[in-house]
Each structure stands twice: as C-alpha cells, then as structure tokens.
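Here the structure is laid out as structure tokens; the discussion comes afterwards.
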Amino acid sequence: MATDTISLKKALNTIVQGLENPNNHYMIGATYFEHISPENLGLDKHYMAVVYLHQEATWNVELSENNLVFEVLLNRDNPDRKYRIRIPLSEIWSIQESSGTTFTDTDRLFYNADVFKKMLTPK
C-alpha cells in the first residue's frame, strides 16, 4: 500500500522550485539510479540509492513524465566532478526536505511503501 504525504509529482516540483533557495536541502530515496554521463553510457546502476540535492550540489534538473535527470556531486573527495544521473520516477520511494543537512521522518514530503518493499525483496 502506498503512503503518499503529497503526490510524487508535487514533491518533485517542490524540489525543482526549492533548489533556488540555498536554505533548502533534499534527499531522494530510490531503488536505483543510473549514471548517464557520456563515459558511462547509462550502463552503471547504483542500487538502494539515497541522493542528496542542494543548490551547491545539484544542477540542470530535468523532470519528465518518467524520469528525474540531473547533475550532482556524488563523491565528496572529488567536489569538481559532476555526475549526470537518471532516477526513474517509478523507483522513488522517499523524498525529504529539510532546512539543514539532517533529515528525519517528519521532513518527508513523499513516501511509497510499495516501492520501498520492492527494493528489499530479492529477485
């Protein structure tokens, strides 16, 4: 059973608009994300993905009918390296918004228990 705090699209639009404000921090939980940088050719998937989004760590956000695509810093040891990634909307199980870098369940904008359970179920 899905437990939506607000709809997924509304939560994603909140991120897209909210990234304009440096006080806003976001965390997306997804079953996986894919690297789509030219050198990876979309073949590199990272499972049980949790991705941090902030104005200083996220660029070129594109929200389509099926995917969220953006550039993001994934390696704190290499802050000059931006990775272009794609998260299928059907794989997102959680979106959180915070005014700092600490997130709790009360910061949750969206949660889908069915997608979360799918991530934990062996294939």
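Every number in this text was worked out from the coordinates using simple rules, so none of it is lab data. Treat the numbers as computed from the prediction; the structure is a model and nothing was measured. Cβ sites come from the backbone with ideal geometry, for glycine too, and all protein chains shown count toward neighbours.
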At most 14 other Cβ within 10 Å, DSSP loop - trypsin sites (Lys or Arg not before Pro), the stretch 1-110: Arg76, Arg81
Quotient of Cα Rg and 2.2 N^0.38 Å for the stretch 63-116, N being how many residues it contains: 1.33
Lys pairs under 24 Å by Cα in the chain, provided they are eight or more residues apart or on distinct chains: 9
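For the stretch 25-93, state which GluC sites (Glu not before Pro) are in a DSSP loop and have at most 13 other beta carbons lying within 10 Å of their beta carbon.
On the way: sites: Glu34, Glu39, Glu56, Glu62, Glu65, Glu71, Glu91; in loops: Glu39, Glu56, Glu65.
Qualifying residues, ordered by number: Glu39, Glu56, Glu65.
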Estimated vicinal HN-Hα couplings, Hz - the stretch 61-72 in sequence order (Karplus 6.51, -1.76, 1.60; Gly, Pro = x): 6, 10, 10, 10, 4, 10, 9, 10, 10, 6, 9, 8
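When the chain is fully extended, how far beyond the present Cα-Cα distance does Thr104 get from Thr121, taking 0.36 nm per residue of separation? It would help to have the intermediate numbers written out before the result.
Numbers: separation 17, 0.36 × 17 = 6.12 nm, distance 2.42 nm.
Contour length minus Cα-Cα distance gives 3.7 nm.
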For the chain, calculated [θ]222 nm from helices alone, where every DSSP H run of n ≥ 4 adds -39500 (n - 2.57): -4500 deg cm²/dmol
Overall dimensions of the chain by Cα: Rg and Dmax, Å: 13.8, 41
For the stretch 20-31, 3J(HN,Hα) per residue [Karplus equation, 6.51 cos²θ - 1.76 cosθ + 1.60, θ = phi - 60°, Hz, x = Gly/Pro]: 5, 9, x, 7, 9, 10, 9, 9, 10, x, 9, 4
